[in-house]
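Below: one structure, written as structure tokens.
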Amino acid sequence: MGALRYGALAITLVTGQQVASAQARNYNVLFGTGHWLNFYNEQVTAIPCIWPITKRSASISEPDGALSLVVDETGIHNANFDLVQGGSAQDLGWPAELASLLILPKPGAPQHYAVFVNTTEATKQAGLVEVDMSANGGAGAVVGTGTTWYMTGCTGKLAATLHANGTDYWLLQHADGSNEFHAYPFDASGLALSPVVSSTGPVLGPTTLNAPYSSDYHASMKFSVSGEQLLMGYDVAPDTMSAALFWFNAATGLVALRTDALRDINRYVHPFTGDTMQVNGISAAVAGLDFINTDDFAYVAFLDTTTWDGSGESHIVQYDLSLATTEIPYETVSINGQEPGASPWGLDTLGESLLLAPDGFLYLRRPHLGLGDVEQFDALPAQLDGTGQDGVSVPVTVNGSTWGLPLFCKRYHDSEPAWLGLRDVSGRDPAFRAVPNPITERGALVWGNSPPPDHLVWRDAMGRLVRSEPALNNGPTTVLARKELPAGLYVLEVYRKGKPLGSTRVMIE
């Protein structure tokens, strides 16, 4: 990772350290087999997981941080990584590849979730599946059958934010080949099928089948933490990409353009004249975009294929949103370079590469071949002090199979604290539950507000010790194996480093 680059352009600084903004529903981030980040207590930890995630995935946890759902192109899975009843891709009528996925908890219906899915350029459909995680003995089941396809002619852009009433949501789509945003209210009665339509911003070109580097179709669309602003990547011309910034009205669902000129722009001082020169970068894609918690700085990652050594780079450009309306000050804050002569194209150049995580920091997924890790930027916004700073590499298993980072809603109606900008230090008690419950031969212990356990103690209904064993963790869950235990009710005690973390009841059939 190259050092952060600074120029002569002044930007407004935010004083104080960027600290965590607890949102436990987003504690689990998966982006490939063996690539799983857990944010227990807003501290990032890379944890091993053998689950073979496909290119597009989503996950959501309970308000206490315990994993609830994992969705990928094979279907909808519970925390035990088993398909929920009726949740296979074949049951749901999904194609083999998807463009994007997002999960929301259903207002007024505890343990019910809505899985939103956008398909690729072949069909350009948006669909919805409702899941009841209390059904099927706690293993989860699809409500009804198949997928409700509620929009055709959409792009892969998908985002959600809290409604102004603090209870419901807006689910936002963008139409293909137009400048239309479609905002769908989502409340206790479900998704309203008559959206609020806003015609504003750049017209996205109609995307043809297998347009592999189309930012019009694939570049993400994200709300700021407050939900008042929206970022969206798009194509200016072939090999020239940009991002557009919008205002969003969370009461009406209307979108209004602020600027469409967030370009990959580099500045340098001419060696002879001393003039500040401006050069528009040529980029193959908008590889990622996001805000920081305060809403006044935005970041866009541009995948560049025209660098001096032909190797390709990802530029992360910082834009100060607190000043002008149409001319947004910017600064290139990072270079993610390649070795000379290496291919710039990774296994997933269309997947999202920037993420504002539950710890309040910005993370970059490096999409290039051979660089399957992530970088944490914990000193944003970048300051023009000339010292430079590297991103901190987060240790993950590098096997080359990193996929796009998941899309999350940043605020939820049922989670506390909800992106307050302050780390939660109240000492929340760990929570554990078995999935499913009862279990037959195999299940999973799901833990929230807890570090990974390392030991399990089983006691029968009389309190007698019947088994003591090391904890076998797989991602943010612990494998529960029946083995020799007869049917009955058990108390499972959970330990870490010799200290008890908590306990739960497990029924074995």
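Details
- Across 124/222; 410/497; 55/483; 55/497, pairs whose alpha-carbon gap is larger than 25 Å: 410/497; 55/483; 55/497
- Taking other Cβ atoms within 10 Å as a rough exposure proxy, 94, 51 sort from fewest to most as 51, 94.
- Separation of the residue 414 and residue 143 label points, Cα + 7 Å toward Cβ, nm: 1.0
- Among 129-138, 217-226, the peptide with the highest mean count of other Cβ atoms within 10 Å heads the list, and the full ranking is 217-226, 129-138.
- Note on residue 469 and residue 272: the extension gain reaches 63.7 nm, defined as 0.36 nm multiplied by sequence separation minus the Cα-Cα distance.
- Model label sites at residue 164 and residue 379, defined 7 Å from Cα along the beta-carbon direction, differ in position by 4.1 nm.
- Treating r as the C-beta distance of residue 109 and residue 237 and R0 as 41 Å, the FRET efficiency rounds to 0.35.
- The 3J(HN,Hα) values that the Karplus relation (6.51, -1.76, 1.60; θ = phi - 60°) gives for segment 85-101 are, in residue order, 4, x, x, 6, 4, 5, 4, 8, x, 8, x, 5, 10, 10, 8, 6, 9 Hz. Gly and Pro appear as x.
- Straight-line cross-link reach from residue 157 at under 16 Å between alpha-carbon atoms covers these aspartates and glutamates, not counting any fewer than eight positions away in the same chain: 97, 121, 176, 180, 216, 235, 290, 352.
- Ranking of 303, 102 by neighbouring Cβ atoms within 10 Å, starting from the fewest: 102, 303.
- Residue separation of residue 200 and residue 249 scaled by 0.36 nm, minus their Cα-Cα distance, works out to 16.3 nm of gained length.
- The stretch between residue 484 and residue 209 holds 93.6 nm of extra length on full extension. This uses 0.36 nm per residue minus the Cα-Cα distance.
- Label positions at residue 505 and residue 192, each projected 7 Å from the Cα along the C-beta direction, are separated by 4.3 nm.
- When 495, 234, 40 are sorted by how many other C-beta atoms sit within 10 angstrom of their C-beta, beginning with the fewest, the order is 495, 40, 234.
- Distant-in-sequence amide H partners of residue 121 (H built 1.01 Å from N, under 5 Å): 210
Read-outs throughout are calculated quantities, based only on the coordinates presented, and are distinct from any laboratory measurement. It should be emphasised that the depicted structure is a prediction, and the values quoted were computed from it without experimental measurement. In this analysis, Cβ positions are derived from the backbone assuming ideal geometry, glycine residues included, and neighbour counts consider all displayed protein chains.
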